[in-house]
Structure formats: structure tokens, C-alpha cells
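Participant: Before I ask anything, here is the structure I am working with.
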Amino acid sequence: MRYAVLERLAGQLRQLRASLAGPETFWRRGLAHAGGAVTYAVLERLAGQLRRLHASLVGPETFWGRGLAHEVGWWERWIVQKGRRWPDEFRDRLDPETPLREELIVELLPSIAHDPVRILDVGAGPVTSLGKVHPERTLEIVAVDPLADEYAALWRNAGIRPPVPAERGTGERLVERFGTAAFDIAYARNALDHMIDPLAVVEQMLEVVRDTGYVVLRHSRNEATKARYRGLHQWNIALEGSDLVVRRPRHKVNLSAELAARAVVMCRLNGETVTCVISKRPAPTTPPDAPAEAPDGKRREDRARADARNRRD
């Protein structure tokens, strides 16, 4: 349900309460709740419950489409107000000399022998949060986001040119955009909970990294619940034991189980943050002297001919 609709509902509930209570009662309740915010916390909980109900009644794609305007509006305020409550992060994101900050990636760099190290930031928002430089390695960072065109307009209006602006693209179609084996690391931070299909996104991230590459994830645990399903927040990300799980109302996906045949998923919970490093399993190899495997149809024909010879003998 759109935020504006919920705001109107909240206003109607406040008006109803004012009509039922006498002026003095309403005034006293207002004093007790910090100058007129009579039922703000209650209304916020109600709004969250209505948004959760909405998420349970519509599919992920519909929910995502209706949340796009909210997401653009949030980032517009972030740009205009130069980071809002996070001015240091605003400066860091725009500084081309900001060091690589993601410790999970820093730890993986020694296992990547070549330069430049190519990193794809998936669902990056208007500008990557990764940092730009490393003292010993050359980094090539590409940021991708489905709202890249809208963010580019916000930057133009603000008269700012970010050092690594986002390119337009969705997490579910990375291979179409970049091809396979194009990066050493694919990274997502607080982005999977926004996606239409988190499993498809991680599968695409695995496809666009090299066989020796990595998928790195960093997400706030159960962010959809914390955000009360506001905007694009529709998936809760959590660990069940050691398994990475995403869920929304009436739907749950165990990403670790779904990826087990093709990848090794290593996750941990640090406070309220879920981090994962995912690597590809080596492809099965055929010994050099082993005969080539015939197609199923050819094998069936060979067996039929052998059976016919045996009957004649």
C-alpha cells in the first residue's frame, strides 16, 4: 500500500479520535504524547501491518514496482541534504580517494592474482559505497542499479558528478548486461531485500564472476520487518543455523540449499548484520583417458544393436 494512502488513513484515525474525545481529553492526551503526536507509534505499527498485509497479497514484482518512487525520494533527500544523518558517508562515497572499506573483499584480495581486480556492486544506489582505492591493488569498480537513470538526474540537479556513478541494470539480468566471467567479485550490500527474486540475483552474480571469483553479501538482518515493509523492503534476510534464508509473507527461500550443488555458501551473523562469501564449486572433470560420454539417444541405439546381435547369436 502506498505511503500516501497510509498517511491519509492515519490522519482519518486521528480525526476520528478527536471527534470521540472531548477537547480537554484530546488536549491532555496531546500533552502526554509530546505536543500532539497522540498515537504516532500506534499508527506506525498499524501502517507497518498494513504494508505487510499488502506484501502478502501481491507478488514481489508488483510490490517492487510500487516502491520505486519511495526509493528515489529517499535518495533525493540524501543528495539534497548531503547525506542527511550520515554526512561522513556522503563525503566518502563522493571522494575518489576513499580506501576500499569492505573488509570481506579486502580479505579476499590476496587470493586474486591479477590486476586490475574487477568488482561489480549490485543494487549500489546512486553511488557505490565500496571505496575506490587499495594501497597494493588496482581496482576497477562497476556499480549497477535499476534506478540509475533517475539517480543521474538527481546528481545533475545537484551539480555533482560522482566518481563511480551507477549504470542501469537489474540484478536478475546481470548476464544479459555484462556476460559471464566478467568480474572477480560481485557484491551486494543491503540490496537483496529490495529485489524481486533474491535467488535469481545471487545466481546471476555467480554467473558474472570468474570460476575463481566470489559473491560477497552484507545485509541487515530482517530489514523488511525493521522497516515495516516501507518502500522496496519486502524480503527478510536471516540465518537458520548456517543456512542463508530469505523470506517475505507466505514465501521462503533457503538460498544455501538452492545453491548447494554449484556453490559453497559461508555465512556468519555479527550482531544484526548477515555477511556471506559464496564461491563456485569446481566443475567435475573427466580423466584424460576416459571415453567421451555419448548422448542418451546414441547410447540407446548402441544398446538396441547389441541386444539384436545377442539374440541372433
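The values are calculated or read from the model by the stated rules, or taken from the named source; none is laboratory data. Keep in mind the model is a prediction, meaning the values are calculated, not measured. Here the Cβ is made from the backbone with ideal geometry for all residues, glycine too, and neighbour counts use every protein chain on show.
Participant: Does HIS134 qualify as being surrounded by fewer than 18 Cβ atoms within 10 Å (Cβ to Cβ) and outside the structural domain of ILE185 (by TED's automatic domain parsing)?
Facilitator: Criteria not met by HIS134.
Participant: While we're looking at this one, here's another question. Considering only residues that are among the small types (Gly, Ala, Ser) and within 13 Å of GLY213 (Cβ to Cβ), which ones fall in the stretch 263-282?
Facilitator: Across the stretch 263-282, the qualifying residues are ALA263, SER279.
Participant: Only residues that are touching a Pro at 6+ places or on another chain (Cβ under 8 Å) and part of a strand (DSSP E or B): list them for the stretch 181-195, please.
Facilitator: Of everything in the stretch 181-195, nothing turns out to be touching a Pro at 6+ places or on another chain (Cβ under 8 Å) and part of a strand (DSSP E or B).
Participant: Further question: If you go through the stretch 183-205 one residue at a time, how many are of a type outside the set (Gly, Ala, Ser) and under 17 Å from THR275 (Cβ atoms)?
Facilitator: The number of residues fulfilling the criteria is 10.
Participant: Among what's in the stretch 157-187 and is acidic (Asp, Glu) and in contact with a helix residue (DSSP H, G or I) (Cβ under 7 Å, 6 or more places away or on another chain), pick the residue that is nearest to GLY73 (Cα to Cα).
Facilitator: It comes out as GLU167.
Participant: Quick check: anything in the stretch 173-180 in a loop (DSSP other than H, G, I, E, B), touching a strand residue (DSSP E or B) at 6+ places or on another chain (Cβ under 6 Å) and in contact (Cβ under 8 Å) with a residue 12 or more places away in the chain?
Facilitator: Within the stretch 173-180 (the criterion being in a loop (DSSP other than H, G, I, E, B), touching a strand residue (DSSP E or B) at 6+ places or on another chain (Cβ under 6 Å) and in contact (Cβ under 8 Å) with a residue 12 or more places away in the chain), the answer is no, since none of the residues qualifies.
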